[in-house]
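Working notes, structure below.
Only the coordinates and a few stated rules stand behind these numbers; no lab work does. Values in this document were obtained by computation on a predicted structure and should not be read as measured data. We place every Cβ from the backbone using ideal geometry, glycine too, and count neighbours over all the protein chains shown.
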Amino acid sequence: MRQIGARQEARRIGGIGTCGRELCCSSWLTDFKSVSTIAARYQQLAINQAKLSGQCGRLKCCLNYELDSYLDAISDFPNHADNIDTQLGMARLIKTDIFKRLMWYVLPKSPPVPITVDRVKQLLAMNRRGQKPENLVSENATLSKIAANVPVAFHSGVGEIKLEELDPNIGKKKKKKKKKPDTKREPNEARANNNTPKDGEPKERKAKPVVKLNNNKGNADTPVE
C-alpha cells in the first residue's frame, strides 16, 4: 500500500471543474507543481479560498498556466509606483491593467485617471529630481487619445441589441378574450330553472300524504306529519 495526497485522490476520482471541462489532473496532467497565492496576486485575482480551490481542496493547478505571461508583462512596469507627488496633491495607485499597460491613479477629490506606463516612468523620474508635475496626464495626451491608442481585445455588446428588436411581441400585453354566455342549455337545467321560484314569490307547499288507519272503534283518516 502507498499513501497518496489530496491531488492524487482527486485524479483517481475524476470529475468536472468549474470551467465545465474534465479535471486536468485526471485527463492530461502528469506532474503536480506547487501552487501558491503569489500566482493569484500576480494575476490580480481576489484571494478567495472557495473560488481558487479545486476539487481536491488545494489551489487550482491552472493558476500556473498563464503565470509566465503575466510575469513578462509586469517586468516592464515601474517599481515603487504606488504614490506620485504632484502640485494638486498625492496621487495614489488604485488599479493596474497589465495587458493594456495602464495604471489608474486618483487624486484627492477627483475621479480616477488612467496613465500609460511610459508616462508613469516620466513622473517618477521628476519626483526623484525633486520636481512636482502639474498634472498626471501630459498636455499632449488626453484621456481620449490614451483610450484610442490602447487596442481593445474584448468588446461587450450588452445593451446594444434589445429584445424588442428581435421579437416585436415582447413587452406587449395580451388582450384577454371575453367569454360569450352559453345560450345552449340542457333541457333538464332549463326545466329546473323554470320550476325555481323568483325572488319575492312564495314557495309552493306540497300536500302531505294521508294514510288510512283501521281501528276497532271505526275508520278515521288521520294525516301523517
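Stokes-Einstein diffusion coefficient for the range 25-125 at 20 °C in a medium of 1.002 mPa s, Rh from the Kirkwood formula over Cα pairs: what value in µm²/s?
The calculation lands on 135 µm²/s.
With r defined as the distance between the Cβ atoms of Gln8 and Lys95 and R0 fixed at 35 Å, what FRET efficiency is calculated, to the nearest 0.05?
Details: r = 39 Å, r/R0 = 1.12.
Result of the calculation: an efficiency of 0.35.
For each of Cys25, Cys19, Cys56, count neighbouring Cβ atoms within 10 Å of the residue's Cβ, then give the residues from fewest to most.
Cys19, Cys56, Cys25
Net charge near Leu67: determine it from the other residues with C-beta under 15 Å of the C-beta of Leu67, scoring Lys and Arg +1 and Asp and Glu -1.
0
When Met103, Met126, Met90 are ordered from fewest to most other Cβ atoms inside 10 Å of their Cβ, what list results? Write out the running numbers ahead of the final one.
Details: Met103 23, Met126 15, Met90 12.
Starting with the residue having the fewest Cβ neighbours, the order is Met90, Met126, Met103.
Around Gly14, under 15 Å between beta carbons, what's the net of Lys plus Arg minus Asp minus Glu among the other residues?
On the way: positive: Arg7, Arg11, Arg12, Arg21; negative: Glu9, Glu22.
Once all neighbours under 15 Å are counted, the net charge is +2.
Mind sorting Phe99, Phe77 by how few other Cβ atoms lie within 10 Å of their own Cβ, fewest first?
Phe99, Phe77
Measuring from a point 7 Å past the Cα of Leu124 along Cα-to-C-beta, which residues in the range 52-85 have an amide N at less than 19 Å?
What the label zone holds, given the 19 Å backbone N cut-off, is 70-85.
How large are Rg and Dmax for the range 6-73 when only the alpha carbon atoms are used, in Å?
12.1, 37
Near Val117, within a Cβ-to-Cβ distance under 11 Å, what is the net charge of the other residues, with Lys and Arg +1 and Asp and Glu -1?
Overall, the nearby charge balance is +1.
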